[in-house]
């Protein structure tokens with residue numbers, strides 16, 4: 001049975017586990033990282049790991065959630081932050097999402113093995129995620145609702161619109177399965193289609 005830790009020890013070990021997870025996940029990937037790898041870096045027993053996280057996937061999810069606020073702000077800064085043209089901002093946003101997925105070290109982990117998505121889904125506490133959702137996505141939520149108030153984006157639930165923007169993530173997930181020319185053309189074409197759908201009928205959709 002793992003020994004009890006003081007509050008100070010728990011805080012220190014928790015931080016060290018996050019650091020160990022960041023190091024191992026980016027070096028080995030989620031699938032190949034083991035609990036033994038993590039506790040070895042932290043200097044605790046394997047049984048003690050489960051006092052902090054239910055699984056390595058739960059540790060990964062916490063790391064991802066900690067990354068999201070800065071990621072969302074980056075996406076808004078390079079889209080709505082650089083142009084007043086809402087359609088152009090949406091296109092820039094969608095392309096930035098793809099770029100983030102292709103280059104962000106934690107997102108890359110999932111692209112290496114799509115089976116890991118199912119493992120992560122089982123580790124996610126969706127009720128807790130939804131509690132954090134509004135805070136994390138507040139900058140994007142504000143950009144969407146401001147554009148809606150100006151009649152530049154179609155009426156409707158901003159949360160549903162943000163989820164719809166997330167569909168662009170399906171393209172990089174298939175990168176290794178598509179010919180390069182087709183993949184590149186989809187990255188050019190799909191953001192325009194989505195942006196057109198959200199802006200061309202602004203003020204009309206959702207009134208029926």
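Descriptive notes on the structure:
- Listed by position, the helices (runs of 4 or more DSSP H) inside segment 1-119 whose residues that are out of contact with any strand residue (DSSP E or B) (no Cβ under 9 Å at 6 or more places or on another chain) and either assigned by TED's automatic domain parsing to the domain that holds residue 171 or modelled with pLDDT of 95 or more (or both) number at least 3 are 7-28, 35-42, 56-77, 86-103, 105-112.
- Pairs, first farther than 20 Å from residue 52 by Cα in segment 17-31, second surrounded by 15 or more Cβ atoms within 10 Å (Cβ to Cβ) and at pLDDT 95 or above, C-beta under 9 Å, six or more apart: 28/37
- Per-region count, segment 40-63, residues crowded, with 19+ Cβ neighbours inside 10 Å and more than 21 Å from residue 125 (Cα to Cα): 2
The values are calculated or read from the model by the stated rules, or taken from the named source; none is laboratory data. Everything numeric here is computed off the predicted structure, so don't read it as measured data. Note that each Cβ is placed from the backbone with ideal geometry, even for glycine, and that neighbours are counted across all protein chains shown.
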